[in-house]
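The numbers here are math on the coordinates, done by the rules we state, and not lab data. Predicted, not measured: the structure shown is a model, and the values here were computed from it. Backbone-built Cβ (ideal geometry, glycine too); neighbour counts: all protein chains shown.
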Amino acid sequence: MTFFITLLLVLAIGSLFVVPTLEDIRQNIWNAEMRYSLKLSLGTGLISTILVMFFALPIGYALSRFHFWGKGFVKTIIDMPIAFPELVLGLCLLLLFGNTPVGKLLSALGLTFVFTKKGIVAAQFFTALPYAIRIMKSTFDYINPRIEFVSRSLGYSMAETFKNISLPLAKNGILASTVISFARCIGTFGTVLILAGGSFMKTEILPITLYLNISYGNMGMALTSGIVLMVVSFIAIFIFEKTEVGL
Amino acid sequence: MMKRLLIVAVAVVFLSGASVGIAGDLMIFSGAGLIKPMEEMRANFAKTYNVTVDVHYGSSGEIFAAVAAGQPCDVLIPGAEKYTEDAVKNGWVIGDTVTKLVLHVPLIAVPKDNPANVKGFMDLVRSGVRVAIGDPKAPAIGRVARKMLKKAGVWEQATKNITVYAPTVNQLLIYVALKQVDAAIIWGDLVTWAEGKGKLEVVPIEKQYNIIKTIPTAVCTKATHKDLAYKFNEYIASDEGLSIWTKWGFEPCKK
């Protein structure tokens, strides 16, 4: 059974690489649209990942170490975006950042998310955050709290313990979480489509390029963006496997 | 067990390589904007002839490319005549089956209460009005919108107002309904959709600016069920078919 599914997957992935000609790929990878979308994808993906990790670290730590009122509720809400479709998340964000007091307040602060590149980052952030938090939480779950108690008893403050003991021990988990977040950010489609609009050469990231070119009927270009996305996630999963952290 | 599965897997791969899908009796490729009347007609036709009818919806460019790539299709119904004309030239559809069905009339959709006070086509280029159009390369309405703006000689000006080029028509509706834009150029039939009801208002585009499209239908040369395909092709252009089109806001072509 395992082999059967693996075989099918290998064939499916393989066909993405076999169908287009090399010449096609070479031309497509250097065309202006692809370069724009690749650059925008990497840029927004990087910013989103940094933001995601900035929030995922403390949240994951808090969820793992502390018991507080309403923790179950918080966990459920934070995990929810994993379960519901990206399109729904995109619609929720569009509603929130649209004509609501929250949206107006953010706009006044210069944070306009609808139809903008900032919107891409916001969409990626909310899509990837739950995954990062999950990995960080399980990473901290595996670190024995007694080590932290010992550190506290030897004179480190709570913050110092976190910085000098917990963080270095969580190194692999942080790496894994960063890599998965980045891959998730780069691959975000539905949320970006709805919130940022998915406009050609404006808010166009790799998955949008793929989708746009399917609707243009330009298969060569669509396949090329598919390959680029595949390579990114392959590298991400490869690094993730190397770090050997369970979800 | 394992071995047999592998044999099946290999067989499946080879079969699918020949692009033989496990389809129903009839395969229709239709423009995504036609989904409402199409679904109703599909159900009626399937019931009358006791057959299964599968409809693949996509942007006109997408379904046209699918036919070009040789995907199995019996009847092609794109959003504009340009596609059937090209398909006839390339020998993908049978010339004398091409039938004009209904008119596709673009208009301007604005949010309820018309916040930017859009009264006509030229208001779209007034400064400060946020406009959404379809991606000029993807859905037919995007290309038509650009054509109209170019014809009026205001495309350059308009691009300053256009905040989003949506890859799908449905996005345009959402953005208007949620007041994320002040106006969008959209097909008239789309705004009769129940979803938009009460959330948006309609501003007609003046005759001199408007470009009205005709929706055609045609039987594919490679249709595997020619007999049924002809029947479906005639059914959607019949009086009964046209009454369904009208119900969903399309205007029948004058015969």
The simple spin-label model distance between A:I237 and A:W30, using points 7 Å out along Cα→Cβ, in nm, is 3.1 nm
Could you give the dipole magnitude of the protein assembly as shown about its Cα centre, charging the beta-carbon of Lys and Arg +1 and that of Asp and Glu -1, in debye to the nearest 20?
-> 1120 debye
Shape of the stretch A:24-79, Cα gyration tensor, a/c cut at 1.5 | prolate
Quick note on B:W92, B:W187, A:W30, ordering by fewest other C-beta atoms within 10 Å, gives A:W30, B:W92, B:W187
Tell me, how many Å apart are the Cα centres for the stretch B:96-145 and for the stretch B:66-88?
-> 24 Å
Peptide-level mean, for B:159-170, of C-beta atoms on other protein chains within 10 Å | 4
Theoretical gain in end-to-end length, B:T224 to B:E40 [0.36 nm per residue, Cα-Cα removed] = 63.9 nm
With θ set to phi - 60°, apply the Karplus curve 6.51 cos²θ - 1.76 cosθ + 1.60 along the stretch A:178-195 and write out the HN-Hα couplings as whole Hz, x wherever there is a Gly or Pro.
-> 4, 5, 5, 4, 4, 4, 5, 4, 4, x, 4, 10, x, 4, 5, 4, 7, 6
Taking the Cα centre of the stretch A:38-141 as the origin, how large is its charge dipole in debye, to the nearest 20, when only Lys and Arg (+1) and Asp and Glu (-1) carry charge on their Cβ atoms?
-> 160 debye
Give A:K71/A:K104; B:K137/B:K160; B:K119/B:K147; B:K119/B:K160 a once-over and call out the pairs whose C-alpha atoms are over 23 Å from each other.
-> A:K71/A:K104
Residue farthest toward the positive end of the dipole of the protein assembly as shown, with Cβ of Lys/Arg at +1 and Asp/Glu at -1: which of B:P78, B:V125, A:A62?
-> A:A62
Per-residue mean of C-beta atoms belonging to partner chains within 10 Å, peptide B:130-140 | 3
In deg cm²/dmol, rounded to the nearest 500, the helical mean residue ellipticity at 222 nm of chain B, built from -39500 (n - 2.57) for every DSSP H run of length 4 or more, is -11500 deg cm²/dmol
Can you give the alpha-carbon Rg of chain A over 2.2 N^0.38 Å, where N counts its residues?
-> 1.15
Scan around B:T214 for amide H atoms under 5 Å from its own, H built in the peptide plane at 1.01 Å from N, and keep only partners 5 or more places away or cross-chain.
-> B:E81, B:H104
Sum -39500 (n - 2.57) across every DSSP H segment of at least 4 residues in chain A, then divide by the residue count to get the 222 nm mean residue ellipticity, nearest 500.
-> -25000 deg cm²/dmol
Please report, in debye to the nearest 20, how large the charge dipole of chain B is about its Cα centre when each Lys and Arg carries +1 at its beta carbon and each Asp and Glu carries -1 there.
-> 520 debye
